[in-house]
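Below: one structure, written as structure tokens.
Coordinate-derived values only; no laboratory data. This is a predicted model, so every value here is computed, not measured. All Cβ positions, even for glycine, are placed from backbone atoms using ideal geometry, and neighbour counts span all protein chains on display.
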Amino acid sequence: MTNRQPARCPYRDENRQAADPCTDYLPLRGAEPIRWDEDLEVWIVSGFREMTTLLRHPALSAAWPQRGGTTLHHAADDEGRASEVVRRWFMFNDDPGHAAARRLVAPLFTADRLAELRPFVEKLVDELLDAKPDGLDVMADLAVPLSSRVICQLLGLPETVAPRLHDWAPDIAALLIADYLPEVRARGHRALGEIVEVVEETLRSEVPTGSGLWLLRSARLDGAIEAADIWATASLLIYAGFETTSTFIGKAVRSALHAGAWLGVQHGEPATVVDELLRFDTSVQQVARVATAPVEVAGHRIAAGDLVLLMLGVANRDPDVFTDPDLLDYDREIRRHLTFGYGAHYCLGAALARLETEVALEGLGSRWTGVVLSEPPVTRQHYGITVLEHLALRGAAS
């Protein structure tokens, strides 16, 4: 199958075609692959090879909420660094603590466990699509309910909790981006507090054997972790399992339509299609690290204490690594992209995100021979991040 064609925007005005909406930070690609930002006083990395090196570098710590900050954080009061729950997220910690916490919940994401979960995901996608036979909002009617119910199923949370994830996620996302603002801290801490309450309430009941909360409770009873570690790991999986996956499902559909490549979604190999969509427009555009010792890379010296922003979405469009990177090409042979990071902190839930997206795209592709937008996609700015809120589709029944 060949589907190499220039990306084109599905919504335009009379006088000009809108810019590629699939990446928020693509203009950075024209700059140096690593450069110092004088305004924020942080290093910005956009080159694929430089990023690969830095993601594995032992002197770059993932514990930036504890150790790093921009000038905006320095200007804020002393409370401006995340929350105790977020500080305990294993994604914001280094080995050996990171690896130990990650191992506790790794059984949730094995190939066998995800194979067992697939029928649940397929049934849920069918249920959601059956409810909207003539057209749907990809976000509200598919991506959001799918990802929220799947992560609740995996963790052992009641299904009634799933609708609350949509309210919690934006406040936690803002906390990770702009925790120097008092109102952001207040909303983010409230959301995390409500998650802790739900987790504690669920733990007082009979949680399913083998579920995420069952694994964490067992580790607590064995004395391997503290109660606060249960809250931290559960809230991380709730947030990441919902936010990143739901966002990517919406972006994947938008990207395929944007590139005029929906037929490729219907007829291509699902895993290959999803991998190229992941490269084309990732849901997590950047990750942060803080240097614990001087680091030499690409002729630059990162000093100890410097914050480093690794722009994953830009690196995935690096022309030195990917031929015609702005083309959505389902025949592309991808050795590696950086959507899920690289090295020890490679996303634990990557296979789950792939699974949900494959099933969602297969479900959409089998329902309609053709798909068109009912209206332009609706986005909003959320503390500097463009959020896809609505993606309304209609199609002809197959």
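Just a few scattered comments:
- Cα gyration tensor shape of the chain, rounded if a/c is under 1.5, else prolate or oblate by comparing a/b with b/c: oblate
- Other-chain or far-sequence residues with amide H under 5 Å of residue 61's (modelled H): 290, 291, 292
- In Hz, Karplus ³J(HN,Hα) per residue of the stretch 55-61 (6.51, -1.76, 1.60; θ = phi - 60°; x = Gly, Pro): 5, 9, 6, x, 8, 9, 9
- Shape category assigned to the stretch 133-288 from the gyration tensor of Cα positions, a/c cut at 1.5: prolate
- Toward the positive end of the charge dipole of the stretch 5-397, with +1 on the Cβ of Lys and Arg and -1 on the Cβ of Asp and Glu, the farthest Cα among 188, 297, 263 is that of 297.
- Share, in percent, of DSSP beta bridges within the chain that are antiparallel, nearest 5: 90
- Taking the average, over residues, of other Cβ atoms within 10 Å as the packing measure, peptides 305-316, 258-269 rank 305-316, 258-269 from highest down.
- Residues whose placed amide H lies under 5 Å from that of residue 25, excluding near-sequence neighbours: none
- The chain, helix-only ellipticity at 222 nm - DSSP H runs n ≥ 4, -39,500 (n - 2.57), divided by all residues, nearest 500: -14000 deg cm²/dmol
- Assuming charge only on the beta carbon of Lys and Arg (+1) and of Asp and Glu (-1), the dipole of the stretch 5-397 about its Cα centre is about 460 debye to the nearest 20.
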